[in-house]
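Before any comments, here is the structure.
The values are calculated or read from the model by the stated rules, or taken from the named source; none is laboratory data. What you are looking at is a predicted structure, and each value in this text was computed from that prediction instead of being measured. For neighbour counting, all protein chains shown are included, and Cβ atoms are generated from backbone atoms with ideal geometry for every residue, glycine included.
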Amino acid sequence: MSDAGMSKIVKTMTGVCFPFILIFGLYIIVHGHLTPGGGFQGGAVVASACAMILIAYGSIWTMKKIKEKHLSIFESLGALMFISLAFFGIFLADGIFFDNFLVKGAFSFFGLFANTATGVADINTAGVIPLMNIAVGLKVIAGLFAIVLVMAYATHKIKEVDDQ
Amino acid sequence: MNWRVTAGGVFLIIVAAFLIYAALLSPTFGLKDSEGDYIERPMDQHIIDETQTQTGADNGVTAVVFDYRGFDTLGEATVLFTAVAGVIIIFRRLKK
């Protein structure tokens with residue numbers, strides 16, 4: 001991986017592939033309560049797409065576009081969403097940590113039950129589980145991409161120091 | 001011996017005793033009869049039967065990970081957070 005990125009062919013093909021991988025990963029995250037997968041797996045898919053961008057375009061270009069400071073903000077936001085959804089179980093429902101308060105009736109958005117007759121469920125079922133999937137997915141995307149980005153940029157910097 | 005070490009050892013012994021007692025109280029699983037069939041499996045049968053009516057999720061694995069075992073997912077998220085924080089702290093000085 002060179003610091004200035006790879007050839008024009010690789011850059012073009014990366015740009016073609018990137019949105020499809022992105023859509024696939026976001027689908028895995030959002031449908032985590034219906035199909036195999038979830039926040040961790042879909043987040044890893046999206047983070048690998050971002051790592052592909054990083055390899056094709058180089059760490060300097062990517063670091064100019066997105067700073068790891070903003071990625072850590074997104075990661076902390078995902079962690080806060082997750083833990084606050086867990087605490088809402090205490091304050092809004094029966095006082096149980098990690099209570100699935102959205103299927104209990106009072107807050108019925110996202111609170112439908114899965115259709116057990118056909119085995120096919122709507123996306124707004126399962127209470128807090130899809131929201132927690134989205135929070136964990138945000139956290140995994142930002143976290144893994146921050147790790148890869150910081151390590152690639154640090155490699156470039158170390159090489160720069162060694163050359164001097 | 002330092003009194004802190006003694007207190008910590010006594011505390012650990014008490015915690016271990018509670019954990020062993022709780023393990024003895026937990027329901028049996030994986031118990032087979034003479035023909036090799038499972039006699040009772042209360043935990044997984046409960047989750048298989050009640051997942052859709054209790055959590056509303058079609059995917060039983062996600063229901064276990066995010067609802068029945070939410071603490072486990074919280075721990076995983078904490079591990080990831082710590083890893084990211086550690087990497088960014090290590091490479092912070094190289095940015096200048």
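Quick check on A:Leu85: is it touching a Leu at 6+ places or on another chain (Cβ under 9 Å), at pLDDT 75 or above and surrounded by 14 or more Cβ atoms within 10 Å (Cβ to Cβ)?
Yes; evaluated as a whole, the condition is true for this residue.
Of (1) in contact with a helix residue (DSSP H, G or I) (Cβ under 8 Å, 6 or more places away or on another chain); (2) more than 9 Å from chain A (Cβ to nearest Cβ); (3) surrounded by 12 or more Cβ atoms within 10 Å (Cβ to Cβ), B:Ile48 satisfies all except one. Which?
B:Ile48 satisfies every listed condition except (3).
Being in a loop (DSSP other than H, G, I, E, B) and of a type in the set (Ser, Thr, Tyr) is the filter; apply it to the range B:6-31 and report the residue that is modelled with the lowest pLDDT.
Only one residue fits best here, namely B:Thr28.
What residue, among those in the range B:55-69 that are within 8 Å of another protein chain (Cβ to nearest Cβ) and in a helix (DSSP H, G or I), is surrounded by the fewest Cβ atoms within 10 Å (Cβ to Cβ)?
So, considering only residues that are within 8 Å of another protein chain (Cβ to nearest Cβ) and in a helix (DSSP H, G or I), the one surrounded by the fewest Cβ atoms within 10 Å (Cβ to Cβ) is B:Val61.
Would a scan of the range A:92-109 turn up a residue that is loosely packed, with under 14 Cβ neighbours inside 10 Å, within 15 Å of the chain's Cα centre (by Cα) and either more than 11 Å from every other protein chain (Cβ to nearest Cβ) or at pLDDT 75 or above (or both)?
Within the range A:92-109, not a single residue is loosely packed, with under 14 Cβ neighbours inside 10 Å, within 15 Å of the chain's Cα centre (by Cα) and either more than 11 Å from every other protein chain (Cβ to nearest Cβ) or at pLDDT 75 or above (or both).
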